[in-house]
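Below is one structure, written out as structure tokens; the observations come after it.
The values are calculated or read from the model by the stated rules, or taken from the named source; none is laboratory data. Keep in mind that what you see is a predicted model, and the values were worked out from it rather than measured. All Cβ positions, even for glycine, are placed from backbone atoms using ideal geometry, and neighbour counts span all protein chains on display. Areas reflect the complete protein model, heavy atoms only, side chains present, ligands, DNA and RNA absent. Shrake-Rupley method; radii C 1.70, N 1.55, O 1.52, S 1.80 Å.
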Amino acid sequence: MSYIFPKRRLRDKDVLDPTELNEDVAPAAELYSGKLNQHNFETGIEPTIASEAYWKVYHQQQHQAPGWNTYNSGTRMDEDRTNGMQIPNDGSWAPVDDITQTLTTTSSNLWILSQAQYFWVGFQLNSGVAIPGSAVRHAHSLGTRPARVQFAIRVNGSIVEGTTTGKSDVYETVPQPWRPTDNSRTLSDDKAGPGSDYTEDTTALGPEVFPVRVMAVYPVPPGTHTVEMVCRRLARTSDVSPYAMKDRVYIYNRQLAVVDLPTYAAAATTFSFVDAPAFEAEDVVSAESLGTDRIDAVREKLNSVEAGAAARGAFNHYHLPSMMGSATQQKTQPTSGSLSVGMKAGYPGFGQSVFYPDSSDPNMGWMQVSDGAGTYLQSDAITITEDSTLIVLGNVQLFDVGGTKQAVDSLAFKKAYGAYACFCLGYKKSGDAAPTIARATESYINSFNTSWGDLAINPGSYDISGSDEYTGPALSNGAECVNVPLMWVMKFGQGETFSFSDALDYITIFGSSRIDGFHSAANLPDVEIGRANLIVLHLKKGS
Amino acid sequence: MAGPAQQQTRRLVVPPGEAQRYYSAASLAFKVQNFTATPEGTITSVLGPTAYEPLRDYSAHIGSDYVTAIYASDTPHGIFQTNLQGGLVDMLVIRAGSKIYRHAGWYRGWEILLTGLSSENRPRFPDQFTVLNDLVIWTNGIDRPQAIASDGSIANLGFAEIPAPPDTAGPMSHLHDTANFPNYYGYSWPGRIGTVGDVLNGQSGSLLSGAWYYYLRYEDSYGNLSAPSPASRPTIVDTLSASPNTGITDAEFYDAELADLTRQFAVMLPEGPDECVAMHVYRTPDTKHVSTIPRFLTRVPNKRAMTYPDNMADSDLGSEMDSGVVVPVFRVMCTHQGRLVIANTLEDPGIVRRSDPGFPGTFSSTEFVYPDSGGAEVTGVASHDGALLAFTENSVYSLQDFSVPVPLAQGVGCVAPSSIRAMANGALIWLARDGFYAMTGGAISKVSTPIDRTVRNYLNRGRLGMSAAAYDSASGEYRCAVPPAGEQHNTLILCFDGAHWRRQRLDLHIADFTATNDWRQYLLGLGHKKITSSASKLWDSTRVETYVMDRSTKHGVTTAEDIIYRSAWLRGDELGLLPINVRSMFVGMIDAWNDDVTIKFYRNGSWAEHVSMTDLKSIGVNDDSGVVTDVAGAAVLGTSKVHDPRLFWRQIPAGLENVNSWAFEISATRPTRLHLASFAFDISAATSGSVKGRIPLRSDT
């Protein structure tokens, strides 16, 4: 610790006692040898930060085209699409392929960010149905059955508590939210009596096509650690048959980033010390013995402190420079008076940096997320001058994928099996004429909801006659009404994807739409979005 | 005067301690002021103190939450130093005036952690600090106790408020509604709550009527829990059979299962206070059929008002809820076996409570004891030698078995909680009404008998409660700052090395002491400097200072108090009956300071000065050793040497004739230094007739 004081102030009449002279100098020399602490250093000295002293960012991404072409190609994710990584159907956790990270740390907190895009394949032509877009059906969901997939983060073989998507009781049944007006009636109806109806299999992700992002902060001891994003598919509890042979869910785009945040770094400094040997009786007091060998030596060391002289924890926020280049969050929401912003732009194909309206096809291209009145969601003017990492997180409130209602059985409706909202992150370099999309971030959501938002009948008491539909919230609250999570990691520096010269005009979120069984551009789903945000964290690596 | 043949020489190694007695043991002096013992068995004058954070002009460097100095309008109350986070964080905290400050270091001065505290100038108990679980705990017995974390964040210790009970919603039954069965109104969702009975009609399963109650506890950022809320209003489920209408023949009609009858409830949690970071929700099982003891339901990590859907079966509830109490305002505390022990609360002066292990702000309602059978006010608590001790003003109790107080001493108590400190030899020292006591190995004995005169007659007994002590590892002394008689502040420091007492008077008011628990082993004091230049005020009006005791720098505190060594009354025989002549005194000293000091002689029990000399040198003669020529002010670089100080003797012609007893006093004004080793006297019997004939007759004037 900190402040030290001499035993006595040397005055003219003091005897030159070697013990007292030693007490004048020795504590300062001892303090220098790893005992200087936070109280000894002035605010803002801002020492040089060693490379990756604050954090080390690991990132793996796999981009995989979903088997689609442009919005008007008519392609679809049918049962024959098997090029992704299949989520096991047996309910066991499996690591998402090719993004697992193995890293060696000190005592650290790991900030883990993962994302995956899954497809429940089986979209097929529904011959005889003339409604554009609704000419596609799903061979396995049949419009009512959920995908039953779960994701989680696993560290060293253990699932991190709280990261599992879905309910903790995976076989929980959910009572259906209505109440008969008279349950004591004597009619032959299964809605009477003290019992109630339940929905099964709603404890995991249900949509056929959906992106998932899972994050956690997890403390680890020193050592080597394996960080995985894992997935599984829960068995059904409803009375339908087990998964058919081709009833498969595949993962395509996926990413895993781990930010190692050391909390107690391993010793990495060289020992720094200064010797101030003790005076013995009858030693001559000379400029050399008192000055050069002791006081000067200690003074020079203390005026030029080396790393090993400071105690652990000696530098805190008073002294250290921030290695956070910037941390920005941009937000948009529909302009006043609007419930949502419509985005109707044809998906240009996987990884294609084509923007709406494209010169070759005015219906095609990525459209920048905005408030609907010309204000775009983007983080502007990002200049990188040293080795750095940008962690980009985006969220889009997706109200409705669009499409047209299609009956799937006597009571349930689905607007369009094969209608999709597509989103991705993109950036524009200052030297480029046009932005570039990050293909690994492409995320898709299909029109998955059943019986909600069709505005058929105002929700009310259930009529046991069986002919009425029962509905959910109005369209203004969205048919899908989900958050679309996006993430990406951009590394700048030698040997990295981006160089220092890549000044960015902006980073942004793009959106588009597509529909299976395409008929015409007019039939493109009108994707309705609400609020959206974009977070860009600039982490400097250090030197 | 006797000739040389009749001379005797009486020799004394310097008595290192004091005793104000006429017939004191020869090994004690009458007054040893501003001396400290050395490992060599000698005594040397004390140095310092110096300011811990000298006043420098760096106000431009610091923010509004920092100060370069603490001004004297802020009464000094307490100081505490410790290291947190395994030594990573150096924590020096002081309380002055209405604020708590943390030392922030070089060019940052003092960081203001908290304002608005009571600065009581008439306190009965001093501020108390302790450390537990990386938290510094503070109390002054008036305001709410505080917990200070390693990052300087400060918060009330635990919760003083009892949460409001949560509101609840469950199913309802319309008694006059024939259209629906019981439990079908209100918040009626099928769930897993309810007690199943299978004998209502003897044939089919049924749900029994039941009632459930909810409780709430707040959690703060250190994991402390508040006292539980009162019970919520009951959430009720009415009796219902799975086949309520047995006369109906339609088999499908009442196709209900027991799982259809059980319910879930909604729990509306109120918004918590600022310190709340999470709410612990508890629920009883079915109180009609299972138990009335609340059990853990869930932890909601938020302080916001919210509704929690409860669908947990009685069998899945967690551990039983502890009964807790609010954190009271308390006057004394210590730590023991990982718990915070508090005592003497505003409401209950005779109580001692202990916290849950590791959680200094969580107190169970059952963890308390009254050490004194009559509930006498607890004046101190201490953990020592594996036992928890509780003090009242007149008794000492062992709480080794917390629930069974065992009196260790009756008639001996503690009047100053901050005087309770342990020495390196294992003795626990404290200040009782009649002096200092020590407990070693469970045995209590008085250790201040030699200075009874000081303790009984020369201390302000009404202010003893504000005395403050610390153990100074460097000197091996227990030092206790006490208020002298007629003074309101702790300006006298009594020092005990385990065998002898000495005193320090440094023109300072020491409100509190703390010993650093690191390699430096400093003794720090918080207080004011006493001034004499102004008739209108007694204390330096500029600053409250943190003093480093026994250290001297150019920022040192210049104090005019003298170094004084006054001997006990020396006698020619055991009773002082024999008149003698003291021809010469020989003083054995150690080279310390190249200047003169004063020596005075007294005779026959009178402190009226008999003879005085001001040219006693505090350094030996200038022989070939070079000690004198090489003193700091005359040393020549390259020529002068360092020298081990010599033991040397000086002869003083005392010339005391026909005295029954005599004494001497060696004094100097600091910064003069003095190092005493031993004394010797040439004495002879005062002859010329019967020796005893010189004793005055009964009526002599």
I'm checking my understanding of the structure. Among residues of region B:37-52 that are assigned to a strand (DSSP E or B), open to solvent by less than 20 Å² (accessible area, probe 1.4 Å) and under 10 Å from B:H675 (Cα atoms), which one is nearest to the other protein chains (Cβ to nearest Cβ)? B:S45
When restricted to A:V220, A:V240, the only residue away from chain B (no Cβ under 14 Å) and modelled with pLDDT under 80 is A:V240
Give A:T269, A:T332, A:T263 a once-over and let me know the one that is of a type in the set (V, I, T) and touching a Leu at 6+ places or on another chain (Cβ under 6 Å). A:T332
Tabulated pairs, region B:180-197, first more than 10 Å from B:L240 (Cβ to Cβ) and within 11 Å of chain A (Cβ to nearest Cβ), second acidic (D, E) and outside any strand (DSSP E or B), C-beta under 9 angstrom, 6+ apart or interchain: B:N180/A:D182; B:Y185/B:D177; B:P190/B:D260; B:R192/B:D314; B:R192/B:D316
Look through A:S336, A:S353 and report the one residue that is over 20 Å from A:S447 (Cα atoms) and free of Cβ contacts under 8 Å to residues at least 60 places away in the same chain. A:S336
Restricting to region B:488-519, and then to whatever is charged (D, E, K, R) and within 19 Å of B:E545 (Cβ to Cβ), can you tell me which residue is surrounded by the most Cβ atoms within 10 Å (Cβ to Cβ)? B:D512
Looking only at residues in region B:634-678 that are within 9 Å of chain A (Cβ to nearest Cβ) and open to solvent by 50 Å² or more (accessible area, probe 1.4 Å), which one is nearest to B:G620 (Cα to Cα)? B:D644
Is it true that some residue in region A:306-328 is assigned to a strand (DSSP E or B), at pLDDT below 90 and under 30 Å from A:F399 (Cβ atoms)? yes
Return yes or no: is B:E161 among the charged types (D, E, K, R), under 30 Å from B:D310 (Cβ atoms), touching a strand residue (DSSP E or B) at 6+ places or on another chain (Cβ under 9 Å) and in a loop (DSSP other than H, G, I, E, B)? yes
Taking region A:261-298 and keeping residues among the β-branched types (V, I, T) and at the interface with another protein chain (Cβ under 9 Å from one of its Cβ atoms) leaves A:V284, A:V285
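Considering region A:43-64 alone, what residues qualify as being hydroxyl-bearing (S, T, Y) and either within 14 Å of chain B (Cβ to nearest Cβ) or surrounded by fewer than 18 Cβ atoms within 10 Å (Cβ to Cβ) (or both)?
Of everything in region A:43-64, those that are hydroxyl-bearing (S, T, Y) and either within 14 Å of chain B (Cβ to nearest Cβ) or surrounded by fewer than 18 Cβ atoms within 10 Å (Cβ to Cβ) (or both) turn out to be A:T43, A:T48, A:S51, A:Y58.
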Quick check, is B:V611 over 25 Å from B:Q504 (Cβ atoms), among the β-branched types (V, I, T) and open to solvent by 10 Å² or more (accessible area, probe 1.4 Å)? yes
Matching residues, region A:345-356, being out of contact with any helix residue (DSSP H, G or I) (no Cβ under 9 Å at 6 or more places or on another chain) and open to solvent by 80 Å² or more (accessible area, probe 1.4 Å): A:Y356
Out of everything in region B:59-90 that is within 13 Å of another protein chain (Cβ to nearest Cβ) and under 18 Å from the mean Cα position of the chain (by Cα), what residue ends up being farthest from B:L523 (Cα to Cα)? B:L84
Taking region A:65-87 on its own, how many of its residues are assigned to a loop (DSSP other than H, G, I, E, B), out of contact with any Cys (no Cβ under 8 Å at 6 or more places or on another chain) and within 17 Å of A:M229 (Cα to Cα)? 1
Select from region B:91-115 the residues that are outside any strand (DSSP E or B), within 11 Å of another protein chain (Cβ to nearest Cβ), in contact (Cβ under 8 Å) with a residue 12 or more places away in the chain and open to solvent by 10 Å² or more (accessible area, probe 1.4 Å) and list them in ascending order. B:Y107
Sort out which residues of region A:6-42 are at the interface with chain B (Cβ under 7 Å from one of its Cβ atoms), touching a residue at least 24 places away in the same chain (Cβ under 8 Å) and open to solvent by less than 60 Å² (accessible area, probe 1.4 Å), and write them in order of number. A:L16, A:P18, A:L21, A:N37, A:Q38, A:H39, A:N40, A:F41
The condition of being open to solvent by less than 40 Å² (accessible area, probe 1.4 Å) and either touching a helix residue (DSSP H, G or I) at 6+ places or on another chain (Cβ under 8 Å) or under 23 Å from B:A515 (Cβ atoms) (or both) holds, among B:V136, B:V131, only for B:V136
Picking from B:S467, B:S473, B:S448, which residue would you name as being closer than 30 Å to B:V548 by Cβ and out of contact with any helix residue (DSSP H, G or I) (no Cβ under 7 Å at 6 or more places or on another chain)? B:S473
A:L113 is checked against (1) within 13 Å of chain B (Cβ to nearest Cβ); (2) part of a strand (DSSP E or B) and fails just one. What number does that condition carry? (1)
Conditions first: (1) within 14 Å of another protein chain (Cβ to nearest Cβ); (2) touching a Phe, Trp or Tyr at 6+ places or on another chain (Cβ under 7 Å); (3) not aliphatic (A, V, I, L, M). B:F129 passes all but one, so which condition is the exception? (1)
Just to be sure before I move on: is B:G626 within 11 Å of another protein chain (Cβ to nearest Cβ) and not in a strand (DSSP E or B) in the structure I sent? yes
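Among B:R283, B:R295, which is the only one that is open to solvent by less than 20 Å² (accessible area, probe 1.4 Å), under 27 Å from A:V174 (Cα atoms) and either touching a Pro at 6+ places or on another chain (Cβ under 9 Å) or modelled with pLDDT of 95 or more (or both)?
B:R283
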Filtering region A:276-304 down to residues that are surrounded by 13 or more Cβ atoms within 10 Å (Cβ to Cβ) and of a type in the set (D, E), which residue is farthest from B:P645 (Cα to Cα)? A:D296
Any residue at all in region A:196-214 that's open to solvent by 40 Å² or more (accessible area, probe 1.4 Å) and at pLDDT 95 or above? yes
